[in-house]
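Each remark here refers to the structure printed beneath this line.
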Amino acid sequence: MTDGRPDPDQLLDRIKEEELRAARGKLKIFFGASAGVGKTYAMLSAARQQVQQGTDVVIGVVETHGRKETEAMVEGLECLPLKDIQYRDKLLKEFDIDAALVRKPALILMDELAHSNVQGSRHPKRWQDVEELLSAGIDVYSTINVQHLETLNDVVGGITGIRVWETVPDRVFDVADEVVLVDLPPDELLQRLKEGKVYLPRQAERAIQNFFRKGNLIALRELALRRTADRVDNQMLKYRRDQSVSNVWQTRELLLACVGPGEGADRIVRSAARIAARLDVPWHALYIETPELQRLSERQRQRILKTLKLAQDMGAETATLSGSDAVEVVVEYARDHNLARVIVGRDHVRSWRPWYRSFADRVGKRAPDLEVIQVAREESHARRPADDHTDESWLDRLKAPWQSYAMSAVICGMATVITAPLHSVFDLANIAMLFLLAVVLVSVRYGFGPSIMASFLNVAAFDFFYVPPRFSFAVSDVQYLMTFAVMLAVGLITTRLTTGLKYQAGVASRREQRVRALYEMSRDLSGALMPEQIAEISERFVETEFGAKSALLLTDEKDRLGAAVHVPGSSLSVDIGIVQWAFDHGTEAGCGTDTLPGSSVLYVPLRAPMRLRGVLALEPRNPRRLMAPEQRRLLDTFARLIAISLERVHYVDVAQSTTLQMESERLRNSLLSAISHDLRTPLAALVGLADSMSMTRPQPTGQQLEIAASMREEALRMNSLVNNLLDMARLQSGAVKLNRQWQPLEEVVGSALKAVHTTVAGHRVSVKLPEDLPLLEFDAVLIERVLSNLLENAAKYTPPGSRIDIGAALGNRAHVDIWVEDDGPGLPVGKEEEIFKKFERGQKESTTPGVGLGLAICRAIVEAHAGKIHAESRNGGGARFVFSLPLGNPPLVNTGEDDAESEDLRK
Amino acid sequence: MSEPLPVVIVIEDEPKIRRFVKMSLEAEGCEVYEADSVQRGLIEAGTRRPDMVVLDLGLPDGDGVDFIRDLRAWSDIPIIVLSARTTEADKVGALDAGADDYLTKPFGAAELLARVRAHLRRRSRAGGSGATVLEFGKIRVDLGRRIVEREGQPLHLTPIEYRLLAYLISHPDSVLTHRQLLKNVWGPSHADDSHYVRVFMGLLRKKIEDDPSQPKHIVTEAGVGYRFVPQ
């Protein structure tokens, strides 16, 4: 594409990212080539500057290593006390994240980003603490050395010969808001080292001396400088993209790294991460579980999981798929996700297997359009026996109940017995066939060990009973040795094949069992109507599938976590703190995760499409069983099913209550309108008939006309009473839907005056509204009613000829105050509030008509508009009623454009 | 009188009210036919060649609004709607469908007759002169030359204000809903921006009315729309 417009999706992503960033704290990293360059010092001086500018700075952790200058820098800064953590009868000090979150400073100093926390802390790594601090909106200063960066870790290890195990994912470094490179030339560093200004741990002193060789230091410095330069380069690119300076749209050639079960998988992942970073493209990491690979040892499975985890930490999207043909799955996945490049590890060349085609070749052959990149794996270590394909040793595999061995021996015996009479009839070769048949039978029926035994027994029996000289193990003809060898080989191969097939069948049936468990659970869940039922179902299935006790903790309507749903007989004690953490962060916590792995309980958040629905806590009796990838996947699916069911149950409730509400509202409305129709129709007829009396022939007399007129008047008054009563009922039952529109106040004042003009005819009414009053949002009919009621009241309670003023002004708190005031006798003192009550009137015994609903209706209407109404005495005598309406954001009406148009027109 | 009596059809299911309306109209010199349902109303309207229809909105066999739509398909005679209070939405619906005016129950004979007279007068005038100069209050509007004068002085109106005024003048005494005004003055794409009408109506009143807060000519029908009263 050549147009310079940024891709809308990317723009959206960026906006989201910016929003996310705005809420997050800022991370500033002081980055150095090696220990001793002065990162901590630089961080502390930056912090001191911040303190001078009035920032609230707190030291989370700073390692001064007893250096004088650094300690001097620490002085005067607030230091957060460290937490004591008991670890194997030692008391260790560790950073206290909860204290930091409670203290919530503006800026916190966290030295040594790569540090591993003591077991028992919330997170295993300090950078995870930092992430949590950042998401709590706290700014963080931290330090890191180049060798601790995940992708450079092995490179540094290669250069210096020392591999550090404490690493930080590059992601953390890359998303840091600022990176400050703390640089020191190698000679100066060596000088400082000589002066003893660089802290070295006592142990392994020699190794470290080796580390601080000039050559190493130069190389490390180069790495650090380059990494920083890359970052700056990225920033430049991003800037160009933000400003749309670039008109180049690279087609995104996404990467797919294939993770195998072998040793070098993490090397592949690291390489892929580096390549992806260089190309600035997202990447995926994929592990394919073929039936064979299901027999891997626990250790290997753990390694694969770790590798995938590593890939995830490095920013990859990871997936574990199963399929019988790895090549096919890879190609399909790549096609589905539009991944153009596939990275695979280079297979070891095996000269003794010339026909063997590497994985890369096979992928290439299957999909010629994919680019396949082969990367070197780690130098192949001597294959360790423990790495061999299966968990079980040969001896283990030979294990079988003694009955099987006995039966195997019996079958061999029977083969011998059956063949005995046939010896004279059949050729020896055919006899051998019958023995082979016996081996096959045994291997199908009794498994590996007995079958191996049968192979040997049969060869022995064949030799002893049939091969001349008979009844001796001696062999006269050498060619029978060949027969024995083939018989043995065929027997062993058959054994291996059949047992292999049986194993795969076992794997398949276990998989089927998992699927069936899921199916049964979803079937049960689909029938559940209450959270308690769901809790009971989930508990039952977690118990059978994972051998774990479990509990469900659900959210209430306000999205707060409640106590565990009570299921009779369950007795899992959960740590409510971890539950809350897992819920707040939406990630798993506890046993076997990154967060508080020491806990014996695993907490899985229940993520439904709309929101988190709660947390599933489970305590497995055998935590390792839960770590197997397929089990984890099963657990994830379980959690999701439960969450969806919970959401469904929730919405069933919502729907029911909504229907109920709608039904009752409808009933109320129809009742009210029926009443209003039934009451008004006779009144309307009364008014009309009173009027038509004057039209009767012969012409009625003056007295008759007078009677007709007062009938009409009384009917109209009755009508206004009915209106008041019905309006009050409507307002109180909440049946009134406000029809809010943006409109000028002036208009409704005008229509109210028109509506009451007969009542206020004897009074002097004046209206003063400010010119610059903005549009207000209100229901014109109802506010007209408020104004009419107030005007009618003013007319009713003041002698004819009194003044009535209507006014408005911008009030405080983004409201407009509107008032109606008169210069009449005023309000009874102390009754300013009471008159707004229903059936309350200023004077109890009065000839003035009305039931005292007018002001109560006014109050109900104004409050429905989020306003307030009150009465007070007017300055200089009289009553004053003030109500307020909120200002809001009126829509713009462009009247200027119209004027401009008119200029043209007049020409 | 050589001129034929104006024919009015009253469609109302309440016999008492029907009787009163009929009596009032006959006293005014109209020929009145009654109907108590939408069905009967349509038959009467089709056969009696009426000059006006007075219609109750709540009829037993159907919605009055449907009647208006049916009638408007072939006739433009004035329709006055009778309705109960607190049902502004019904009134707006009826007016948008093509009704010209409404009366809120209970109403007196005087109110009814004033409306009937105004609409009959409008109808007879529309058939007759093609007058392009209109006067009301202190205002004189020359539709042909597009000139507006106030007490003899030229009055500057913006194009929208002028279109608004012209549309109001051409529908005297009728209730015009916000939607109708938007559609005819601003165009169909603005049908939901009712605050436009209100703001420009305010501006127009300032130029035309003596006291814009108590207007005499451009009268607000709260929650429904506006009515232009020429005298």
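Remark on residue A:816: its backbone amide H falls under 5 Å from those of A:811, A:885, A:887, a criterion applied only to residues 5 or more positions apart or on other chains, H modelled at 1.01 Å from N.
For region A:482-559, GluC sites (Glu not before Pro) meeting the loop criterion (DSSP other than H, G, I, E, B) and having at most 13 other Cβ atoms within 10 Å: A:557. Can you tell me the orientation of helix A:8-23 relative to chain A, as the angle in degrees between its alpha-carbon axis and the longest Cα principal axis, to the nearest 10? In chain A, helix A:8-23 runs at an angle near 80 degrees to the longest axis. Shape call for region B:7-127 from the C-alpha gyration tensor, a ≥ b ≥ c root eigenvalues: rounded (a/c under 1.5), prolate (a/b greater than b/c) or oblate? In terms of gyration-tensor shape, rounded. Other residues lying with their Cβ under 11 Å from the Cβ of residue A:105 contribute a combined charge of -1, Lys and Arg counting +1, Asp and Glu -1. Only Cα pairs under 8 Å and 6+ residues apart enter the sum, and on that basis the relative contact order of chain A stands at 6 percent. Remark: spin-label model distance residue A:86-residue A:226 equals 4.9 nm, labels positioned 7 Å along the Cα→Cβ axis.
Quick check: the angle from helix B:109-127's long axis to the longest principal axis of chain B, C-alpha only, nearest 10 degrees? Result, in degrees: 70. Stretched out straight at 0.36 nm per residue, the stretch from residue A:834 to residue A:399 would grow longer than its current Cα-Cα span by 147.2 nm.
Averaging sequence separations of C-alpha pairs under 8 Å and six or more residues apart, then dividing by the length of region A:254-379, give the relative contact order as a whole percent.
Contact order relative to length: 32 percent.
Axis of helix B:194-208 versus longest Cα principal axis of chain B: the two differ by about 60°, to the nearest ten degrees. If R0 is taken as 35 Å, the Cβ-Cβ distance between residue A:420 and residue A:482 corresponds to a FRET efficiency of 0.90.
Taking region A:707-777, which GluC sites (Glu not before Pro) meet the DSSP loop condition and have no more than 10 other C-beta atoms within 10 Å?
Passing both the DSSP loop test and the Cβ count: A:771.
Local charge for residue A:186 was computed over the other residues whose Cβ lies under 12 Å away, with Lys and Arg +1 and Asp and Glu -1, and equals 0. Amide H to amide H distances under 5 Å link residue B:82 with B:55, B:56, B:57, B:103, where only residues 5 or more positions off or on other chains count and H is placed in the peptide plane. For the peptide B:24-35, the mean number of other protein chain Cβ atoms found within 10 angstrom of a residue's Cβ is 1. Sites listed here are GluC sites (Glu not before Pro) in region A:72-122 whose DSSP assignment is loop and whose Cβ has at most 14 other Cβ atoms within 10 Å: A:75.
So if we plug the beta-carbon distance of residue A:104 and residue A:361 into 1/(1 + (r/R0)^6) with R0 = 35 Å, what FRET efficiency do we get, rounded to 0.05?
Step by step, r from the Cβ atoms, then E = 0.05.
Taking amide H as placed 1.01 Å from N in the peptide plane, the amide H of residue A:549 sits under 5 Å from that of A:619, A:621, each at least 5 places away or on another chain.
For a 28 Å ceiling on Cα separation, which of these pairs sit above it: B:16/B:183; A:831/A:868; A:306/A:365; A:93/A:194; A:796/B:207; A:754/A:868? B:16/B:183; A:306/A:365; A:93/A:194; A:796/B:207, as the Cα separations exceed 28 Å there. Exposure proxy shown here: for A:651, B:162, the number of other Cβ atoms within 10 Å sets the order, fewest to most, as A:651, B:162. Mean sequence separation of contacting Cα pairs (under 8 Å, at least six apart), scaled by the length of region A:743-886, corresponds to a relative contact order of 24 percent.
Read the figures in this text as sums done on the coordinates, not as results from a lab. Note that the structure is predicted; figures quoted are calculated from it, not measured. Please note: Cβ atoms are built from the backbone with ideal geometry, for glycine as well, and neighbour counts cover all protein chains shown.
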